[in-house]
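Inspection log for the structure reproduced underneath, given as structure tokens.
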Amino acid sequence: MNLQIKTPIWTGDVDSKSDIIRSTGIVGSLRWWTETLLRGMCEFACDPTDNSRCPDGGNYCSSCLIFGATGRRRLFRIEINGGEKISFPGNGAINIKPSGRSHGWFFEPGVVGNLEMKMIPLDEKFDEVLVLTPLIIASNWGGIGAKTQLGYGVVEITNPPNVSFENFKRVLRNLSQKGKRQKSNEPGFPNLKDMFFAKVRFKANGNCWEKIDGLIDKSSKSRLEKEIRKKGIEECFRNNFLPIAPVIKNWLRYDDGSQIWKPKNGTTKGIENWLFGTIRNICPKCYNIVNPQNENGKTVYECQNCGQKFKKEEIINKCASKINISCAYKIGNDLWEIRIWGWIPKDAPQNFPREEFLDKLKKVLQTGIAGFLGNSTSDHKLAVWREYASKRDTIKEEQNFDNFVESLLRGTDDVS
Ligand SMILES: [Zn+2]
Ligand SMILES: [Zn+2]
């Protein structure tokens, strides 16, 4: 199977010596997509990084039956060939620095080009539909590999095979007739039913990026620095993508876009950590930072906001961003696309107004992104919004989950 890379695949997954993509990052993300799908089906999928992971009394969840766990081999192996690492001048990363940010973000080089992906069965029960289903959903609507929240990992499958969700479910049933771990999913884990997928399109002529704040740093003092950045962006442009995820994220997190999610009163830091993710230790109740303290020789973590104390195993020590924003990538003559997608759980903390947030986000994507894309872009529009059983879905408010998944697999998205 061949994949065309639309936005670079994160190079953390690249073997630095050979520049070949390691399959582990790709398989890890396919597992993540499978888990969201299983939870959407109301099937239990364990968190492989948590203490509650499989096995439990020798039984495994459906996700572990496919992807393996302690004492159980994965059903397949993936072999990836092709692609090449893009290279940027200077220190090798492009500093994206929108106005008002003192440091900005570093966009590191990833792999671009075309990939050949082979699935090698390691068990007679393996059926390609188990991998193709999450892969096609990810390639139609999200991304693969790591750091999709920073714009990496949009791929297009060349001549995607026809896959039906019905078939996926049938193969899954055969896989797990006995020894399947039965448990209900805890809230707080990604579920396809709570996800949204948006695509924004715009037209751009010429070197549109020269007008995008952040790609061109107006405040930068050093001419050399400017020149290095320009060369790096030109290299992206030649590869038909632009690293503007940090620019959009900056707008959403710190600028006008923050009106969409910021609570009108009270502290915003907890919601910010929860929504945009953090690598720091945070409070499981209010998502503010916790500090370790010594109490009678034991380490306890006290929340800076609510003051509650927690044991090490109770705190959240890494919170993934709920929102992923892709790089802009070219889909046609002068036509570009950006994906904005994510997972906003219904049991959001601090009474976060989920529905209001998604309403506002959809509304702003319909027109509001024109502002920071500069005046050499035009015809900005929300091409599609997909969300299970939601009025916001621009194709259909689909109450039947199976039909919803089938339509994600078909990928039809243009409403105009
Ligand atoms: Zn499991
Ligand atoms: Zn707290």
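Please treat every number below as a calculation from the coordinates, not as lab data. On a predicted model such as this, the values are computed, not experimentally measured, just so you know. When we count neighbours, we look across all protein chains shown, and the Cβ atoms used for this are built from the backbone with ideal geometry, even at glycine.
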Practice prompt. Mind giving me the nanometre distance, one decimal, between the label points for Ile331 and Lys264, set 7 Å out from Cα along Cα→Cβ?
Written response: 3.6
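I need Thr70, Thr36, Thr7, Thr394 ordered by Cβ neighbour count within 10 Å, fewest first.
Taking fewest neighbouring Cβ atoms as first place, the list is Thr70, Thr394, Thr36, Thr7.
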Item to complete: Hey, can you grab everything whose amide H is under 5 Å from the amide H of Val384? Only 5+ residues off in sequence or another chain; H modelled, so Pro and N-termini drop out.
Response: Lys199
Fill in: Volume of the Cα convex hull of segment 2-175, divided per residue and given in Å³
153
Worksheet item: Between segment 368-416 and segment 322-356, what is the C-alpha centre distance in whole Å?
Response: 10
Item to complete: Grab the DSSP H runs of the chain that are 4 residues or longer, score each as -39,500 (n - 2.57), total them, divide by all residues and round the 222 nm result to the nearest 500 deg cm²/dmol.
Response: -8000 deg cm²/dmol
Discussion item. Assuming 0.36 nm per residue, please report the length gained on full extension of the stretch Ser99 to Lys396 beyond their Cα-Cα distance.
Written reply: 103.0 nm
Discussion item. Taking the Cα of Glu406, stepping 7 Å toward and past its beta carbon, and measuring to each backbone N in segment 143-181: which are under 11 Å?
Written reply: 164-167
Worksheet entry | Two-site FRET efficiency, Lys125 against Cys42, from Cβ-Cβ distance with R₀ of 22 Å, rounded to 0.05 | 0.45
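For Lys211 and Gln4, what does the FRET efficiency come to when R0 = 30 Å and r is the distance between their Cβ atoms, rounded to the nearest 0.05?
With R0 = 30 Å, the Cβ-Cβ based efficiency is 0.60.
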Fill in: Phi to ³J(HN,Hα) by Karplus 6.51 cos²θ - 1.76 cosθ + 1.60 over segment 180-187, Hz, x for Gly, Pro
8, 6, 9, 6, 8, 5, 6, x
Practice prompt. Could you work out the per residue convex hull volume over the alpha carbons of the chain, in cubic angstrom?
Written response: 165
Discussion item. Just to be sure I understand the model, the point goes 7 Å from the Cα along the line to the Cβ. What's the resulting Gln293 to Asp347 distance in nm?
Written reply: 2.8
Worksheet item: Which of the trypsin sites (Lys or Arg not before Pro) found in segment 169-261 are in a DSSP loop and have at most 10 neighbouring Cβ atoms, other than their own, within 10 Å?
Response: Lys178, Lys218, Lys221
Practice prompt. Over the chain, calculate the relative contact order: mean separation of alpha carbon pairs under 8 Å at least 6 apart, over the residue count, as a percent.
Written response: 20
Fill in: In segment 339-416, the chymotrypsin sites (Phe, Trp or Tyr not before Pro) that fall in loop regions by DSSP, at most 13 other Cβ within 10 Å
none
Worksheet item: Hey, how many Å between the Cα centroid of segment 253-311 and the Cα centroid of segment 53-114?
Response: 27
Worksheet item: For the chain, with the dipole built from +1 on Lys and Arg beta-carbon atoms and -1 on Asp and Glu ones, taken about the Cα centre, which of Ser29, Gly342, Asn281 lies farthest toward the positive end?
Response: Asn281
Discussion item. At 7 Å along Cα-to-Cβ for each site, give me the label-to-label distance between Glu302 and Leu224 in nm.
Written reply: 4.8
Worksheet item: Along the charge dipole of the chain, Cβ charges K/R +1 and D/E -1, which of Ile137, Ala328, Thr49 sits furthest on the positive end?
Response: Thr49
Response to the item:
So Glu84 and Glu166, fully extended at 0.36 nm per residue minus their Cα-Cα distance, gain in nm 25.9 nm
Response to the item:
So the FRET efficiency between Lys309 and Ser23, C-beta based with R0 = 45 Å and rounded to 0.05, is 0.60
Worksheet item: Let a ≥ b ≥ c be the square roots of the eigenvalues of the Cα gyration tensor of segment 51-101; is it rounded (a/c under 1.5), or, if not, prolate (a/b larger than b/c) or oblate?
Response: oblate
Worksheet item: Dipole size in debye (nearest 20) for the chain around its Cα centre, Lys and Arg Cβ +1, Asp and Glu Cβ -1?
Response: 720
Worksheet item: What length, rounded to one decimal in nm, is gained on full extension from Lys203 through to Arg354, with 0.36 nm per residue of separation minus their alpha-carbon distance?
Response: 51.3 nm
Worksheet item: Counting only pairs 8 or more places apart or on different chains, how many lysine pairs in segment 2-175 have C-alpha atoms closer than 25 Å?
Response: 15
Worksheet item: With charges set only on the Cβ (+1 for Lys and Arg, -1 for Asp and Glu), what does the dipole of segment 174-318 come to about its Cα centre, in debye to the nearest 20?
Response: 420
Worksheet item: Which of Phe196, Asn159, Asn296 sits closest to the plus end of the dipole of the chain, meaning its Cα is farthest towards the positive end, when Lys and Arg get +1 and Asp and Glu get -1 on the C-beta?
Response: Asn296
